[in-house]
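To start, the structure under review is shown below, and the notes come after it.
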Amino acid sequence: MKKLFGTDGIRAEAGQFPLDADTVAVIGYSLAKQLEKKLERTAKIITGRDTRESGEWIEAAFHKGVLSAGASCESADVITTPGVAFLAGKFGFDAGVVISASHNPFQDNGIKIFSPTGEKIDDETERAIEADIFASRKPTIQKETPFVQNLKAEEYKKAYLGNLLQGFEKLNLKGFKMIVDCANGASSHMAYSLFSSLGADVMVINNSPNGKNINANCGSLHIESLKNCVLQENADFGVAYDGDADRAIFIDEKGNVIDGDASLYIMARFMKERNMLANETVVATVMSNIGLEIALAQMGIKLIRTAVGDKYVLEELLRTKSRLGGEQSGHIIFPFRSLAGDGMLTTLFILQAIYETGKKLSSLTEGFKRFPQVLINVKVREKVPFEDIPELSKALEKVKAEVGEKGRILLRYSGTENLARIMIEGEDEKNIRSQAEFLARTIENSLN
């Protein structure tokens, strides 16, 4: 049976399997039935979506499936992914479902499912839903498209924004100028009211969604326009979200990019100085720059690495009872506040660090040196385990000796394509590029 759920739910082109209307209805039906089996009662589910043009009909199809299973379903309309995760627990729902493809272009969409704790649903439930999708006999889904219940949508959004501000009541941003790039996504009608309520001078860009412009040359993957805007407006900083606002990338007042690694460094130092960093530990993924690991070590902070995906970061945070983790892409998790990565919450924490230290954002990254990184992709016919390739083992030993302790090598296969990915970090970009190309040739000759 093909696996449909990845580390961030189901994602595909809208209208194509498994995001065609019939299959989406089966997903809704199956989730409701799986919850009913576990809870021994009918389930109560809340949904939310980003601004893609396909969001409304996918949400309606999902509701159709849930209602056909005898469960109840409400909608918070357009809202961020962490917003839905919060609402699921706050208002007594059994699951929160987000219709979003995050940073992908508008043609794509996705379905992410959260438990009331804010965690992604368990693997067992995902496998059961996949089994229902591929079953030869499909469940009976009602023919009529239901009216999506969204009568409390504004109340839900207000509750989410109010929750974000808890703990930041003393944050006074009067005279602070910030630019917010909403990626024409879910934060478009929320960011201004959130930050202006703290007294900030807020300029919002890319906040006019039309169903097709989400993430289009804007947001956390395309930050040039934000950088230019920060410099032109002489702003104190800028922040860019993705389509569902679960990640945040910053621009400091000098125009420098502050990615997830730099954000982790800023918050780790800030939290350690205030005895808020449990276990003297930060959790990140294998993609985080070795410069972060070295900078944290100099402060006596340990970096634990996980596989790529905020799901794995969260699992390690909970296992080690740590309080800060995230990804280079801008997903930052503060598990004592939320188990979901939240771009707007991350922004509030960065603003708090600026306010309490009295420093500019550029000053808060002092001590963090990003090492050069080279990434090469090699097409392969099959994904043979790297350890089963003798020539590669020899080549890898040679390169490891050259790179030494102030460097890092990562080999992995793509989860979606027949590609081997070679990543090397080190102090000299010319050397690591030569080393990466050497490993790439070795893989290519061995596997092709």
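Pick from 357, 346, 285 the residue whose mean-square fluctuation is largest in a GNM of the chain, springs joining Cα atoms under 10 Å.
Fluctuation is largest for 357.
Under a straight-distance cross-link criterion of Cα-Cα below 28 Å, which lysines are reachable from residue 152, leaving out those fewer than 8 residues away in the same chain?
Straight-line reach from residue 152, under 28 Å: 33, 37, 38, 44, 64, 90, 112, 120, 143, 212.
Taking neighbour Cβ counts within 10 Å as the exposure measure, how do 2, 227 sort from fewest upward?
Listed from fewest to most nearby Cβ atoms, that is 2, 227.
Would you work out the Kirkwood radius for the stretch 322-422? I mean one over the mean of 1/r across all pairs of different Cα atoms, in Å.
After inverting the mean inverse Cα-Cα distance, the result is 17.5 Å.
Multiplying the sequence separation of residue 165 and residue 138 by 0.36 nm and subtracting their Cα-Cα distance, what value in nm do you get?
5.2 nm
Would you mind putting 83-90, 387-394 in packing order, based on average other-beta-carbon counts within 10 Å, highest first?
83-90, 387-394
If you find the alpha carbon centre of the stretch 172-245 and of the stretch 1-68, how far apart are they in angstrom?
With the stretch 172-245 and the stretch 1-68 each reduced to a Cα centre, they are spaced 30 Å.
Can you give the helix-only mean residue ellipticity at 222 nm for the chain, where every DSSP H stretch with n ≥ 4 adds -39500 (n - 2.57) and the sum goes over all residues, rounded to the nearest 500 deg cm²/dmol?
-11500 deg cm²/dmol
What does the C-alpha gyration tensor say about the overall shape of the stretch 80-137? Classify as rounded when a/c is under 1.5, otherwise prolate if a/b is larger than b/c, or oblate.
Oblate.
Rounded, prolate or oblate, given the Cα gyration tensor of the chain, with a/c below 1.5 counting as rounded?
It is oblate, given that a/c is not under 1.5 and a/b is not larger than b/c.
Report, to two decimal places, the Cα Rg of the stretch 392-448 normalised by 2.2 N^0.38 Å (N = number of residues).
Output field value: 1.11.
If you take the square roots of the eigenvalues of the alpha-carbon gyration tensor of the stretch 135-242 and sort them as a ≥ b ≥ c, do you get rounded (a/c under 1.5), prolate (a/b over b/c) or oblate?
oblate
Counting other beta carbons within 10 Å of each Cβ, put 413, 160 in order, fewest first.
413, 160
Dipole of the stretch 373-447 (Lys/Arg Cβ +1, Asp/Glu Cβ -1, origin at the Cα centre): which of 438, 380, 392 lies farthest to the positive side?
Result: 380, furthest along the dipole toward the positive end.
Could you tell me what a quarter of the Cα convex hull surface of the stretch 125-174 works out to, in nm² with one decimal place?
Result: a mean projected hull area of 7.4 nm².
Place a point 7 Å from the Cα of residue 155 along the Cα-to-Cβ direction; which residues of the stretch 72-95 have their backbone N under 15 Å from it?
Correct set: 73-77, 87-88, 90-93.
Laboratory data are not the source of any read-out in this text; all were calculated from the coordinates shown. Just so we're clear, the structure is a prediction, and the values are computed from it rather than from any experiment. Here the Cβ is made from the backbone with ideal geometry for all residues, glycine too, and neighbour counts use every protein chain on show.
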